[in-house]
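Below: one structure, written as structure tokens.
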Amino acid sequence: MKKRTLLFATNNPHKLREIREIAGNDYQILSLKDVNLETDIPETRETLEGNAIQKARFVYDQTGINCFADDTGLEIDALDGRPGVYSARYAGEGCSFDDNVRKVLEELDGVDHRKACFRCVVCLILDGKEHLFEGRIPGEIIRERRGSDGFGYDPVFQPDGHSQTFAEMPAHLKNGISHRGIAVSKLFRFLKNMEHR
Ligand code: IMP
């Protein structure tokens, strides 16, 4: 089969590594850097769906290359679904992953109900047409950081049915069960089905 090319609308090296692992050998996954598009991509909508579409549409309009974008939110029950769509900048503009984790741990200080869910929406634009895919993984926010792999809230998120946080898991294990892994696997299944039509 001829290798297909898809542009992934991200500047996040962790995400890029994850997606390349999931995509395997059938697809060449380009990053924004690979196409010299290193401008800030607008992400101003109030929903994950809205942001994923906005990012993918922006990149498609700039490059004309079939592409996809993701947007993820960590939804914590005891915080009424926060940080949700604001997960990247929860502790304020320009904050670090560590600042966000600290804020969440502070807000959950003394709280026993620690259920949370990572939700990811991926928007694929194929020949100008939008397709949406969603992935969710339920889990809980543990009381102290554990593990040093991954990024974002990984050190404090322990998926249900597992004794390790995302930051303690080998990449292939996280990718097999994660919100983004699920959404992107749906995307590649969709592409495979299109090819066999
Ligand atoms: P994004 O808008 O999809 O980049 O996601 C927003 C924020 O959610 C990121 O800045 C991270 O803090 C967090 N996030 C997204 N995906 C993950 C993940 O796989 N693990 C941990 N945190 C994540």
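For Phe97 and Gln164, what is the calculated FRET efficiency with R₀ set at 25 Å and r taken between the beta-carbons, to the nearest 0.05?
On the way: r = 18 Å, r/R0 = 0.74.
So, using R0 = 25 Å, E works out to roughly 0.85.
Net charge around Gln62, counting only other residues with Cβ within less than 13 Å of its Cβ (Lys, Arg = +1; Asp, Glu = -1)? Working shown, then result.
On the way: positive: Lys55, Arg57; negative: Glu38, Asp40, Asp61.
Once all neighbours under 13 Å are counted, the net charge is -1.
Would you calculate a helix-derived [θ] at 222 nm for the chain, using -39,500 (n - 2.57) for each DSSP H run of n ≥ 4 and dividing by the full residue count, to the nearest 500? Kindly include the intermediate steps, with their values, before the conclusion.
Details: 5 runs with 62 residues, N = 197.
That comes out to -10000 deg cm²/dmol.
Return, ordered by residue number, the residues of the stretch 172-195 whose backbone nitrogen is under 19 Å from a label point located 7 Å along Cα→Cβ of Arg20.
172-176, 180-181, 184-185, 188
Rounded, prolate or oblate for the stretch 122-172? Axes are the square roots of the Cα gyration tensor eigenvalues, ordered a ≥ b ≥ c, and the cut-off for rounded is a/c under 1.5. Don't jump to the answer; show the numbers that get you there.
Values: a/c = 3.20, a/b = 2.49, b/c = 1.28.
It comes out prolate by the Cα gyration axes.
Order these peptides, 178-188, 119-129, by their mean beta-carbon neighbour count within 10 angstrom, highest first.
Values: 178-188: 22.3, 119-129: 18.7.
Ranking, from highest mean packing down: 178-188, 119-129.
Quick one: plug the Kirkwood hydrodynamic radius of the stretch 1-89 (C-alpha pairs) into Stokes-Einstein at 37 °C, 0.692 mPa s, and report D in µm²/s. Please list the in-between numbers first.
Numbers: Rh = 14.1 Å.
D, rounded to a whole number, is 233 µm²/s.
Enter the Cα centre distance for the pair the stretch 160-197 and the stretch 64-139, rounded to the nearest angstrom.
If you average the Cα positions of each part, the centres end up 16 Å apart.
Please check which bits of the stretch 4-22 a label hung off Glu134 would reach, taking the label as a point 7 Å along Cα-to-C-beta and the cut-off as backbone N under 16 Å.
none
Which residues in the stretch 167-189 place their backbone N less than 20 Å from a point set 7 Å from the Cα of Asn12 along the Cα-to-Cβ direction?
167-188
Can you give the Rg and Dmax of the chain based on its C-alpha atoms, in angstrom?
Calculated on Cα positions, Rg and Dmax stand at 16.8, 55 Å.
No value in this document is a laboratory result; all are computed from the given coordinates. Note that the structure is a prediction, hence the values are computed from the model and not measured. Glycine also receives a Cβ, built like all others from the backbone with ideal geometry; neighbour counts cover every protein chain displayed.
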